[in-house]
Amino acid sequence: QVQLVESGGGLVQAGGSLRLSCAASGRTFSSYHMGWFRQAPGKEREFVTAITSITWNGVNTYYSDSVKGRFTISRDNVKNTVWLQMNSLKAEDTAVYYCAASTQNSYNYRTQYAIEGMYAYWGQGTQVTVSS
């Protein structure tokens with residue numbers, strides 16, 4: 001069982017930055033693929049970014065087109081934490097941001113990282129509001 005706790009959300013002006021954190025419990029954090037999703041008011045939850053567990057060739061990261069070049073995902077397996085650095089924020093980034101952990105094998109995950117069903121564990125979410 002994994003518990004995920006997000007933090008770092010808040011109110012920021014357009015063009016500003018925020019850094020979200022997701023702290024995970026458990027001793028097997030390094031084996032989980034981690035993702036960030038978000039849900040804006042009145043919209044379905046959508047994929048934002050993901051980072052794989054460490055494999056023989058390092059970690060891989062994935063980004064949605066809407067955040068590519070502005071957001072950066074990273075992880076620290078000693079601290080059991082994954083971060084989402086968000087720069088150049090826009091009003092349309094306003095949403096509740098969720099951290100999620102996947103126990104899927106790497107072969108499946110590399111093509112299905114954006115699918116919510118790939119993630120077994122979810123945090124409670126943290127609100128990000130970007131004022132224009």
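The values are calculated or read from the model by the stated rules, or taken from the named source; none is laboratory data. None of the values given here were measured: they were computed from a predicted structure. FYI the Cβ positions are ideal-geometry reconstructions off the backbone, even for glycines, and counts take in every protein chain you see. For accessibility, only protein heavy atoms count, side chains too; no ligands or nucleic acids. Shrake-Rupley method; radii C 1.70, N 1.55, O 1.52, S 1.80 Å.
Applying the selection to the stretch 37-54, what residues are in contact with a His (Cβ under 9 Å, 6 or more places away or on another chain) and β-branched (V, I, T)? Spell out the reasoning first.
Restricting attention to the stretch 37-54, the residues satisfying the condition of being in contact with a His (Cβ under 9 Å, 6 or more places away or on another chain) are 50-53.
Scanning the stretch 37-54 gives I51, T52.
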**Q.** Looking only at the stretch 102-122, and only at residues there that are among the small types (G, A, S) and either in contact with a helix residue (DSSP H, G or I) (Cβ under 8 Å, 6 or more places away or on another chain) or at pLDDT 90 or above (or both), the one that is surrounded by the fewest Cβ atoms within 10 Å (Cβ to Cβ)
**A.** G117
Q) Which residues, taken from the stretch 28-60, are closer than 22 Å to K90 by Cβ and open to solvent by 10 Å² or more (accessible area, probe 1.4 Å)? A) R38, Q39, A40, P41, G42, K43, E44, R45, E46, F47
Q: Please find, within the stretch 77-98, the residue that is nearest to L20 (Cα to Cα) out of those that are open to solvent by 20 Å² or more (accessible area, probe 1.4 Å), modelled with pLDDT of 95 or more and of a type in the set (A, V, I, L, M, F, W, C).
A: W83
Q. Which numbered condition trips up S102, out of (1) under 15 Å from the mean Cα position of the chain (by Cα); (2) under 27 Å from V130 (Cβ atoms)?
A. (2)
Q | Any chance S64 is surrounded by fewer than 14 Cβ atoms within 10 Å (Cβ to Cβ) and either among the hydroxyl-bearing types (S, T, Y) or at positive phi (or both) | A | no
**Q.** Residues being within 20 Å of T126 (Cβ to Cβ), in contact with a strand residue (DSSP E or B) (Cβ under 6 Å, 6 or more places away or on another chain) and hydroxyl-bearing (S, T, Y) - total across the stretch 23-60
**A.** 2
Q.
Here is a check on your reading of the model: is G69 open to solvent by less than 40 Å² (accessible area, probe 1.4 Å), modelled with pLDDT of 95 or more and not hydrophobic (A, V, I, L, M, F, W, C)?
A. no
